[in-house]
Structure formats: structure tokens, C-alpha cells
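Down below is the structure, laid out as C-alpha cells.
The values are calculated or read from the model by the stated rules, or taken from the named source; none is laboratory data. All values derive from a computational prediction rather than experimental measurement. Every residue, glycine among them, receives a Cβ derived from its backbone with ideal geometry; neighbour counts consider all protein chains shown. The area values use the complete protein model at the heavy-atom level, side chains included, leaving out ligands, DNA and RNA. Shrake-Rupley method; radii C 1.70, N 1.55, O 1.52, S 1.80 Å.
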2 protein chains.
Amino acid sequence: MKRILLSSADVPERWYNILPDLPAPLEPYLNPRTLEPLQPADLAPLLPQAVIEQEVSSERWIEIPEEVRAIYQMWRPSPLHRADRLEKVLDTPARIYFKYEGASPPGSHKPNTAVAQAYYNKREGVRRLTTETGAGQWGSALSFAGSLFGLEVTVYMVRASYQQKPYRRILMETWGASVLPSPTDTTQAGRDILARDPDSPGSLGIAVAEAVEDALAHEDTRSALGSAMNHVILHQTVIGLEAKTQMEMAGDYPDVVIGCVGGGSNYSGLAYPFMADRLSGARPNVRFVAAEPAACPTLTRGVYAYDFPDSAGLGPVLKMRTVGHGFIPSPIHAGGLRFHGDAPTLCLLQEHGFVEARAFQQNEVFREAVRFARCEGFLPAPESSHALKAVVDEALLAREAGEARVILFGFSGHGHFDMAAYDSFLAGSLEDYELPQEKLDSALAELPTVGVTA
Amino acid sequence: MKRILLSSADVPERWYNILPDLPAPLEPYLNPRTLEPLQPADLAPLLPQAVIEQEVSSERWIEIPEEVRAIYQMWRPSPLHRADRLEKVLDTPARIYFKYEGASPPGSHKPNTAVAQAYYNKREGVRRLTTETGAGQWGSALSFAGSLFGLEVTVYMVRASYQQKPYRRILMETWGASVLPSPTDTTQAGRDILARDPDSPGSLGIAVAEAVEDALAHEDTRSALGSAMNHVILHQTVIGLEAKTQMEMAGDYPDVVIGCVGGGSNYSGLAYPFMADRLSGARPNVRFVAAEPAACPTLTRGVYAYDFPDSAGLGPVLKMRTVGHGFIPSPIHAGGLRFHGDAPTLCLLQEHGFVEARAFQQNEVFREAVRFARCEGFLPAPESSHALKAVVDEALLAREAGEARVILFGFSGHGHFDMAAYDSFLAGSLEDYELPQEKLDSALAELPTVGVTA
């Protein structure tokens, strides 16, 4: 069977929260001003109450509100595909499956949390949301969710992406959002960056700082985060929960679960329901492989330390693998993977040996994207293509080993708004970026001095 | 229920052929040189044998080859959505459903026939396919299908669209196709046009002429047509066959079936399985509404006459509603609706009173596209947005009449490659085009003189 489909009734009724199942307690978030443990109330100017509760909840299962579930049914359950044509091309005994999130209205997994966040904000009387976006996938998802709930949305879009991807901006505007190229001169955080570098290409860290500052400055406004935080990953577990049911229908269980990691929400959302089986001992051998860009190698070259989620030091300080909140990655096309940190839960799991990480260059990634498009039809976003490169490596290893490994990967979004990147690749003008150690060292020198672990 | 889903096993096993059920026999195609009835063998240099047989078959049901059906399962069955949020916004008692074809790899209904045509060509030893494309939806579908079957594909893309939609070109190239802006200087048909007008924006008629000439000039090459012809519509009936099952699951039957018409394949593919019920008397009251652009108003202002499908008079002469094979429509964004003729079967049904037609301007169409995107999430292509305008008109009439009419429409493709058009609309710079009667009259003066009926 090429595609394993569920019915609307099979959209999960609960999200899975990994916090109670982690191999060690998550270290507390710190208040960005005092560097003392953060109190949930400290987050109130930024996030709605229900979301703050989810961020720290120790409940394993959290009910999905009926209104959110009804909206999920616009595009969920998402299909699970067997990539049997790719298997043939690779001549591998591996069985490759992908969970396709590209058929949602914004074209990625991002609305899984955008809709939930918009719902809770609306319920608590919030009128306006601010957010950051890199490639534009998260910004479009929040614009979409805002349009459904009648919330005003302001998106700070990393300038490099704003210029590379005008169609993403128009998409957000079509859903009624205001989109600003970040750094802007409308926030202090933006003005500070522009004073130092008027041509700054921006970064996700700067855009987060602007969105947070804007939210803090307006009573009726909250900020929405697209990745990394516990509540975001919680909402994304619908991906993995559905995939588990679908793998069961296919009569398979993954030997390895692969995904791309920017802030970690797409990958964790797919992986955690399977990770639960590894942590409980039910499936002690399932492996987890995270793919990231060599240009922003948080998991492979970062340090495990407390750091700010934004360039201006306004957001909660998180223990994570980071390349430094001041790090400005090269303008690779996988804008969604240009975040300097990663989800604290995912980093903790990596620290305990449950997650392997791989870093890739643009050209090897796009080579696999084009090969995939030519045999499986669907055109992956540059972000998802990183996962694909790891999948192909794994499938070729399976061939060498003569093992019928079962590979499941997250196809987080389509590449319809990334055609300029495909054009560059096909024309042979796509650049690879080696990150010099000095650039990394200088960004790491600016970490807040709280319990750094190399 | 928001979305009615079928399983992979529910992909139809047979296509529905309307020819034996038409209210009158279809008038024969004519040989373009002799204007005498065409013999099936005359089509052999253009089309594979199996397709020629389907073009003239009187069998009501034609089996879908297992290999084609397996590829359909990459994205089929496509979902049927209830547009209940749009219903609320319109405050209408109408129940609105849409059949969503935008989740296929090329993003439209076009691969339903592209895959079938590529399959038959491959089976008969063809090495290369040529085709025309307007907006690029058909060209991308054939490029996709060609990549699956290892066929070389050359696409003549209407120059206006080639320039408006570079991302569509890149999409086709990603699937391995060669894309040329038509008129080109590589064919006699193209050179003739360029001699008269070096800045010609092109037209579907010119692009068809180039593709046909190229195929005729190469032994190992055939031409593939994206619309209008009987075999194309035959392949598209999977849309309506699935929709019938899904409407039944929803406990509804449409009072009116609506779609946009360029060459007519998307609309006929959805409508004909329901039309069968009207023709048989089982559902005597179901209505059929076709939406077209005012800039290329074949059904509303054309004549019912024999005409060439291409500007150079190379293709089979068809009895259809036409604005003249030399007609060059204004460069509206709905490039897929810029064809000067329409499917002979659909025109015959209109002639016998079974199909109503409406023509719309760009701005009223995009107004509905944006409203739809803001409540139902999905972003319609400019072509599909024409259907949407007709849907809203119908839903508002239902409100006035206080009738709970059931409306089914074809959402033929997404608008991800049409963001420049959305941008123009949102910026207020989108143009409406009134077609002067003289322009129409002068194009109609060039019809071949075979049985013109005003």
C-alpha cells in the first residue's frame, strides 16, 4: 500500500507530553533579568495561561480542545507514505516511510501548534499576536491560525528570508497578517542591531527579540513561539501519534526515526511518541537521528548550556545545545533551521544518548531533494531535505549491511515557496558554507555565565 | 464532519466515458488538411494507440491500468471538504462541498491524465513527449508523470506565463523537463507568429501548435494534450467518481455542480459522473454551472462551430464553442483558462441545455479567493477561484430563496505559484479586462468554413 490513510475521526484526542518520561528532570528555565529560576507567572506577559500550564505540566496526556481538533480535521490526519520508488532507486532492502505534513494549508507541520496557540490566546481575550519567522513556514502558519480566530498577527520575518522568499510574505498577507523585515526600526532590539550593522541579514534570535519586545509593550498582545518550547512540541505530537497508528496498520515499527531540526518541534513531534517506547523499554533498540545544517550546527558543534532564545536577552533562559544567541548563520535556504538553539527536551535526550545528530551541506541536501522529487513526486522544503539526506545515508548503510531496516522520516513541509533555491541548485550556483571555528567561538563567548557544560 | 476521506483501496478501478450517454452523437473530428472526417489512424503520429481508442470509444466504463492506479494512490483518493466556515461567513443555508485536487504533487487535477498518458506512451515505446502549458499546471503534471516513467518531456509554455510564473518553470525543470517560452523560434508555427509580432505574449493555441509540430517532426515523440479531448476528460472522471461516493457518505447529493472551465477537463471530470444521473433521468434536477474568465469567454460569447485546437491549424478540427483559434486573450493570471475553445462533449451538453455558463472578471474572482483563504485556509489557484465566485453567487441566491441548496465545486488546484497575482490584488493593482466585440469578431472571422452555428 502506497499511502496509509486514517479517517477524520482518528485525529488524536490527546497530545503526548514527554516531560514525565524524560530520563532526568528538565533543568528549570531562568528569568532573563535575574538568571534565577523562572516562575510561571513571569511568562504571563508573553503567553496565555493555558499555554504556560502546558509548558510545565507533568501530565503525560493533555486533552486537545474540541475546537482545535475540528480545525485539525481540515488537513489531519496527515498521510503516511511508503517511499517504495525511492527504495528501488537506492536499491536498498530498507523500507522507507514518510509522514507528509505538506498538505496543510500553510504547507508544513507548523499549524499543529499555531492553531492551538491561537485558540488559547483567543479564549483568554488576547487581541493580537506577534511572532518571528525564518523561512516563513511558522509565520504563515500563525497568519493562517490568526485568520481563523480573528486575531491580528504581526510577523517579524528574518530579512534574508524576506528578500529570498517574497511569496511567503504574500501568503501571510493573504491571510491578513502584517509582515515586517527583521531587524526593523520599530523595536529597541531591532534598532540596536541596525546601529551596529545596517545591512544585517537578521536571524531568528533577532526576530524573536523583536516579537517579544512588541508583545511586552502591548497589554492586548502576546507572543507566539514556533518551536523549541515544551508546549510547542506537545502540540506537534499529533504527528507521531498518528504515525504510530499508521505504522501499525502497515505492520511495521521503525528501526530509526529521522527528522530535520531547527528548533526541534517537527522532529520531536514525530519522534516523541516512539521515544516513549524507547524510554519505557518497550522498544529498546529504536534509534533517533536528527539532521541539521552545517551552517548552524547546534547539535553537532554547539555546547550544552544555558542561553537566551533571542538576541536581546528578553526571553526565558533555556538549558539547551546552542551556538550562542548572538550567532548569525549564513543565509542558507533552509531558513527554518537557522535557530541558534534547540528544544531543551531534545537536547537533554541527546545528552543522555538517545538522539544521534548529523550535519549536512546545502548541495548534498538538494541533490537528495531533486532525486526524491523525481521518484516520489513531492517536492520537499529545504528543511525537510536535510532529513532526506540522512534517510538516504541510512538506507545505503542498510544496503551495505543487507538489512531490511525500517526507516520513518518526517516530511515537514513542501518546497513550493523555495523554488529559487531549487533553481540555484539546478544551475550549479548553490553555495556550501563551512562554519569557521572562530566564528562559533566568538558567539559562544557571549553565553550567560550559568553552568556551561562543554 | 469537516473532511470526507476514502482509503487507498477506494481509488476507482474504471474511468467513466460519457460518449455513449450524450443526448446526441458527438460530431466527428475533421482532418485539419482536408476538413473531411478524421480517421483514428490520422492521430497516430500524435497520440499512442490506446489513447486514440479511448478518444472514440463507445464503452461506458474503461479499466484503469493497475500501474496507473498505483501511482494515483500517491495522492488519491483526494479529500472532499465541507466548507462550513465559508457557509457561516456567507450566512447561507446552502451546504457547500469542495473536491480538493491541490494535494497532488504538481498541485492540481492535471496528473490524473498526465500519468495515464505517460503510461500508455511508455508502453508503446515512445521516448519523448511534447506539450503546451499556460499557467504551468498541465506542464508540471506532465513533467511529473514523465519523471515517473523515464520519458523525456519538452514543454512549450505560453510566454506571458513563463515570465509571470518563473517558479512553475523551475518546478518542471526539477522534475527533469525542458521548458521553452512559446512562441519559440524552433518551430515554423512559432517563427510565423514571431515574424508578425516579435513581442507576442503567446497563447495556448500557439503553444499547442508548437508541441504538435515538434511531435510530428520526430518519430520517437508524441504530443500530450492537457484538456478538451475525450480521453483527457475520461481520465479526469476519477474526480467525480470519488466525489459521488464521498457525497453519499456525507448523506447529500448536489443540487448544483460548479467548476472552472479552460478546456473543460477539470470541470467535466468532476461533473460527468453526476451528469450521468441527469441524463439517465435518475436526478433530473441537478444543475451544472461552468465558470470562465470574461477575458476568454468561450461558453458565454463564443460560437458553436468547427475550429482548430491550435493557432497553426495542425490539430484535429473540433466542433466546440470557440472564440477563434487566432484569439489571443489578455494576460490574465488564470493562464489555464486562456484556451480559445472547449471540450466538444461539454459544448454539446451546453448546446442541449444541460450546462449553464458564467463569465467573471479578475478582481471579483480574487476577492472570493482571499475570502475563502481566510476562512477555509486553502489558497485557490486563479483558475479555481473562478469556480469559487460562481459558488458564492449561488450560495447568496440560496440565502435569498431561503433554500438549503447543496453546492459541490471543484477546487482544481492550489495557488502557491500564483502569489504574484495575489500580491497585485492585495495592492489594488490587478486589472479587469473587457473584451471588445470587434476583437472577438475578427478572431471569429478566421474560423474554417465548416457548419458555423451562431
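Observations, loosely collected:
- Only a single criterion out of (1) open to solvent by 10 Å² or more (accessible area, probe 1.4 Å); (2) touching a residue at least 24 places away in the same chain (Cβ under 8 Å); (3) farther than 22 Å from A:SER78 by Cβ is not satisfied by A:ASP441, namely (2).
- Restricting B:GLU368, B:GLU356, B:GLU400 to residues that are under 18 Å from the mean Cα position of the chain (by Cα) and acidic (Asp, Glu) narrows the list to B:GLU356.
- The residues of the stretch A:1-29 that are of a type in the set (A, V, I, L, M, F, W, C), within 18 Å of A:LEU234 (Cβ to Cβ) and either away from every other protein chain (no Cβ under 14 Å) or surrounded by fewer than 12 Cβ atoms within 10 Å (Cβ to Cβ) (or both), listed by number, are A:TRP15, A:ILE18, A:LEU19, A:LEU22, A:LEU26.
- In the stretch A:30-37 there is at least one residue that is modelled with pLDDT under 95, surrounded by 16 or more Cβ atoms within 10 Å (Cβ to Cβ) and touching a strand residue (DSSP E or B) at 6+ places or on another chain (Cβ under 6 Å).
- Enumeration of residues in the stretch A:357-373 that are in a helix (DSSP H, G or I), surrounded by fewer than 24 Cβ atoms within 10 Å (Cβ to Cβ) and not aliphatic (A, V, I, L, M): A:ASN363, A:GLU364, A:ARG367, A:GLU368, A:ARG371
- Residue in the stretch B:77-97 that is touching a Ser or Thr at 6+ places or on another chain (Cβ under 6 Å), more than 30 Å from B:LEU396 (Cβ to Cβ) and within 14 Å of chain A (Cβ to nearest Cβ) present: no
- Among residues of the stretch B:397-438, those that are out of contact with any helix residue (DSSP H, G or I) (no Cβ under 8 Å at 6 or more places or on another chain), more than 14 Å from every other protein chain (Cβ to nearest Cβ) and either open to solvent by 30 Å² or more (accessible area, probe 1.4 Å) or in a loop (DSSP other than H, G, I, E, B) (or both), counted: 9
- The test for being more than 14 Å from chain B (Cβ to nearest Cβ), hydroxyl-bearing (Ser, Thr, Tyr) and surrounded by fewer than 23 Cβ atoms within 10 Å (Cβ to Cβ) holds for A:SER57.
- Of the set (1) over 24 Å from B:LEU180 (Cα atoms); (2) touching a strand residue (DSSP E or B) at 6+ places or on another chain (Cβ under 8 Å); (3) open to solvent by less than 20 Å² (accessible area, probe 1.4 Å), all apply to B:ILE52 but (2).
- Where a residue in the stretch A:1-27 is in a helix (DSSP H, G or I) and its partner, wherever it lies, is hydrophobic (A, V, I, L, M, F, W, C) and open to solvent by 20 Å² or more (accessible area, probe 1.4 Å), with Cβ under 9 Å and at least six apart: A:SER8/B:MET1; A:SER8/B:LEU5; A:ALA9/B:MET1; A:LEU19/A:LEU26; A:LEU19/A:VAL56; A:ASP21/A:ALA276; A:ASP21/A:LEU279
- Only one of B:TYR162, B:TYR97 that is touching a Lys or Arg at 6+ places or on another chain (Cβ under 7 Å) and under 30 Å from B:ARG82 (Cα atoms): B:TYR97
- Residue in the stretch A:171-184 that is under 21 Å from A:LEU318 (Cβ atoms), open to solvent by less than 40 Å² (accessible area, probe 1.4 Å) and within 23 Å of the chain's Cα centre (by Cα) present: yes
- For B:ALA41, the test of being assigned to a loop (DSSP other than H, G, I, E, B) and either more than 24 Å from B:VAL238 (Cβ to Cβ) or away from chain A (no Cβ under 14 Å) (or both) is failed.
- Condition met for A:LEU337 (among the aliphatic types (A, V, I, L, M), under 30 Å from B:SER147 (Cα atoms) and touching a Gly at 6+ places or on another chain (Cβ under 6 Å)): yes
- Test: B:GLU394 is without any contact (Cβ under 8 Å) to a residue 24 or more places away in the chain, part of a helix (DSSP H, G or I) and of a type outside the set (Phe, Trp, Tyr): no
- Filter result (of a type in the set (A, V, I, L, M) and in contact (Cβ under 8 Å) with a residue 12 or more places away in the chain) within the stretch A:418-438: A:ALA420, A:ALA421, A:LEU426, A:LEU430, A:LEU435
- Hey, B:PHE378 within 14 Å of chain A (Cβ to nearest Cβ), in contact with a strand residue (DSSP E or B) (Cβ under 7 Å, 6 or more places away or on another chain) and either open to solvent by 40 Å² or more (accessible area, probe 1.4 Å) or part of a loop (DSSP other than H, G, I, E, B) (or both) or not: yes
- Positions within the stretch A:229-253 being under 16 Å from A:CYS347 (Cα atoms) and part of a helix (DSSP H, G or I), in sequence order: A:ASN230, A:HIS231, A:VAL232, A:ILE233, A:LEU234
- Enumeration of residues in the stretch B:200-216 that are among the small types (Gly, Ala, Ser) and either buried (at least 23 other Cβ atoms within 10 Å of the Cβ) or without any contact (Cβ under 8 Å) to a residue 24 or more places away in the chain (or both): B:GLY202, B:SER203, B:GLY205, B:ALA207, B:ALA209, B:ALA211, B:ALA215
- B:ALA276 meets each of the listed conditions (1) modelled with pLDDT of 95 or more; (2) closer than 30 Å to B:ARG191 by Cα; (3) among the aliphatic types (A, V, I, L, M); (4) touching an Asp or Glu at 6+ places or on another chain (Cβ under 7 Å) apart from (2).
- Within this structure, A:ILE52 passes the test of being in contact with a helix residue (DSSP H, G or I) (Cβ under 8 Å, 6 or more places away or on another chain), part of a helix (DSSP H, G or I) and away from chain B (no Cβ under 14 Å).
- The stretch A:67-123, residues that are in contact (Cβ under 8 Å) with a residue 60 or more places away in the chain and among the aromatic types (Phe, Trp, Tyr): A:TYR72, A:TYR97, A:PHE98, A:TYR100, A:TYR120
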